[in-house]
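Shown next, in structure tokens, is the structure this report addresses.
The values are calculated or read from the model by the stated rules, or taken from the named source; none is laboratory data. Since this is a predicted model, take the numbers as computed values, not measurements. Cβ placement follows ideal geometry from the backbone for every residue including glycine, while neighbour counts extend to all protein chains displayed. What goes into the accessible areas is simple: the full protein's heavy atoms, side chains included, and nothing from ligands, DNA or RNA. Shrake-Rupley method; radii C 1.70, N 1.55, O 1.52, S 1.80 Å.
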Amino acid sequence: MTAPVARAETVGSLLRPPELLAARERLAGGEVAAERVQALEDAAVLAAIALQEAAGLDVVTDGEMRRSGWAATTEALHGFEPREGGPGLTWHGEGPEIRMGGAGYPTVVRPIGVRRDLAAEYAFLKRHAGVRTKHCMPAPSYHRRFWYAEHSGGAYPTCEEFLVAIRDYERQVVARLVELGCDYVQLDAPNYGSLCDVDHRRMLEARGHDLAAELAFDAALDSSVFDGVSGITRALHVCRGNAAGRWHSSGGYGVIAEQLFPKLDVDALLLEYDTDRAGDFAPLACARRGAIAVLGLLTTKSGALEDERAIEARIEEAARVKPLEELALSPQCGFASVAAGNPVTPDEQRAKLELVGRVAHRVWS
């Protein structure tokens with residue numbers, strides 16, 4: 001990796017201001033002008049930058065304030081319509097129940113086409129941030145959840161053809177980001193986290209999935225997003241589900257680490273380690289030598305603040321498996337992967353980000 005190591009960071013989304021959420025609802029009903037919503041988005045991004053910089057983070061995001069959710073693919077691309085079915089995820093934990101809705105699950109039914117420039121939202125962040133910045137987007141492999149033979153076969157005969165089309169589009173986004181001055185791009189891949197879950201694996205296998213073959217294809221595909229790009233941090237976040245305080249996958253990384261981690265040609269691997277559901281640190285030994293393992297040791301699913309010494313002790317534990325110079329710290333996931341956000345107050349969010357900054361600077365100073 002030629003870009004500097006970010007020891008203190010956050011995964012992506014931050015809590016959206018209530019006035020922004022309300023304005024978006026009014027925009028959908030034609031009660032407010034789009035310019036008013038954009039002004040509120042600009043203000044929210046500026047506040048997100050200030051929050052992260054004050055917390056001492058080494059790299060900041062725009063809080064994903066311009067998105068309705070973390071995975072903006074169906075907002076940015078044509079070709080998707082709701083259909084019955086979906087990935088079959090089972091959500092757990094406290095918080096509002098996660099429902100697919102009567103309209104069905106977003107499914108690719110036509111060849112994709114660009115509707116909105118995802119890279120454009122980065123320009124404002126770059127212009128106003130005083131520290132290093134990063135851009136987050138869903139990994140190509142995540143989009144397996146949008147292809148189903150009965151609905152999608154007419155547009156893309158195989159899921160892999162669809163995923164390659166997504167990859168080609170994301171390469172264009174990365175090229176544009178680099179032009180804008182971005183040197184840190186993060187792919188988000190909750191699909192890998194769900195493969196740690198025994199029950200979910202059984203469900204996929206019952207549907208006819210060859211999980212080993214798909215995992216090998218997906219690791220190569222996600223890595224290839226960055227082909228021909230140098231001088232940036234190439235990162236991938238393995239998520240376990242994060243919506244309004246709920247989660248969908250349980251099980252240690254050992255189920256996938258040996259096959260996946262060495263094949264991901266990335267500089268930083270962001271992993272969720274905020275609960276016992278993630279297992280121990282042994283799978284870190286499978287990560288590529290030199291790649292930074294960003295330990296998501298603080299939860300974003302509740303506001304209770306973690307003990308600093310306990311966080312440091314866990315970093316020391318991880319350093320017995322992977323060298324300390326190849327580790328970093330973050331919360332486990334975003335604070336608002338869906339628009340409503342997790343059950344965390346703005347003050348609690350701030351406290352967690354400040355803890356990340358303090359501990360990281362103390363450990364790696």
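Residues in the stretch 266-283: is at least one small (Gly, Ala, Ser), part of a loop (DSSP other than H, G, I, E, B) and either at pLDDT below 95 or open to solvent by 10 Å² or more (accessible area, probe 1.4 Å) (or both)? Yes, some residue in the stretch 266-283 is small (Gly, Ala, Ser), part of a loop (DSSP other than H, G, I, E, B) and either at pLDDT below 95 or open to solvent by 10 Å² or more (accessible area, probe 1.4 Å) (or both). Please verify whether the stretch 191-206 includes one or more residues that are in contact (Cβ under 8 Å) with a residue 60 or more places away in the chain, open to solvent by 70 Å² or more (accessible area, probe 1.4 Å) and out of contact with any His (no Cβ under 7 Å at 6 or more places or on another chain). Yes, some residue in the stretch 191-206 is in contact (Cβ under 8 Å) with a residue 60 or more places away in the chain, open to solvent by 70 Å² or more (accessible area, probe 1.4 Å) and out of contact with any His (no Cβ under 7 Å at 6 or more places or on another chain). Contact map, the stretch 65-93: residues that are at positive phi paired with residues that are in a helix (DSSP H, G or I) and open to solvent by 20 Å² or more (accessible area, probe 1.4 Å), Cβ distance under 6 Å, separation 6+ or inter-chain. Pairs shown: Gly88/Met203. His151 falls short on exactly one of the conditions (1) surrounded by 20 or more Cβ atoms within 10 Å (Cβ to Cβ); (2) part of a helix (DSSP H, G or I), and that condition is (1).
Looking only at the stretch 36-57, decide whether some residue is touching a strand residue (DSSP E or B) at 6+ places or on another chain (Cβ under 7 Å), within 30 Å of Arg362 (Cβ to Cβ) and assigned to a loop (DSSP other than H, G, I, E, B). Yes, some residue in the stretch 36-57 is touching a strand residue (DSSP E or B) at 6+ places or on another chain (Cβ under 7 Å), within 30 Å of Arg362 (Cβ to Cβ) and assigned to a loop (DSSP other than H, G, I, E, B). For the condition open to solvent by less than 30 Å² (accessible area, probe 1.4 Å), modelled with pLDDT of 95 or more and not in a helix (DSSP H, G or I), Tyr169 does not qualify. With the structure loaded, tell me whether Ala216 is modelled with pLDDT of 95 or more, part of a helix (DSSP H, G or I), in contact with a Pro (Cβ under 8 Å, 6 or more places away or on another chain) and open to solvent by 10 Å² or more (accessible area, probe 1.4 Å) or whether it fails that test. So Ala216 does not fit the description; no.
Restricting the first member to the stretch 273-285 and to residues that are more than 10 Å from Cys196 (Cβ to Cβ), and the second to residues that are crowded, with 17+ Cβ neighbours inside 10 Å and of a type in the set (D, E, K, R), the beta-carbon pairs closer than 6 Å and six or more apart or on different chains are Leu284/Lys322. Based on this model, can you work out whether Asp347 counts as surrounded by fewer than 17 Cβ atoms within 10 Å (Cβ to Cβ) and either in a strand (DSSP E or B) or under 23 Å from the mean Cα position of the chain (by Cα) (or both)? So Asp347 passes the test. Going through (1) open to solvent by less than 10 Å² (accessible area, probe 1.4 Å); (2) in a loop (DSSP other than H, G, I, E, B) one by one, Gly251 falls short only on (1).
Of all residue pairs spaced 6 or more apart or on separate chains, those with beta-carbon atoms under 7 Å, a first member in the stretch 120-144 that is surrounded by fewer than 22 Cβ atoms within 10 Å (Cβ to Cβ) and at pLDDT 95 or above and a second member that is in a helix (DSSP H, G or I) and among the acidic types (Asp, Glu) are Phe124/Asp42; Gly130/Glu53; Val131/Glu53.
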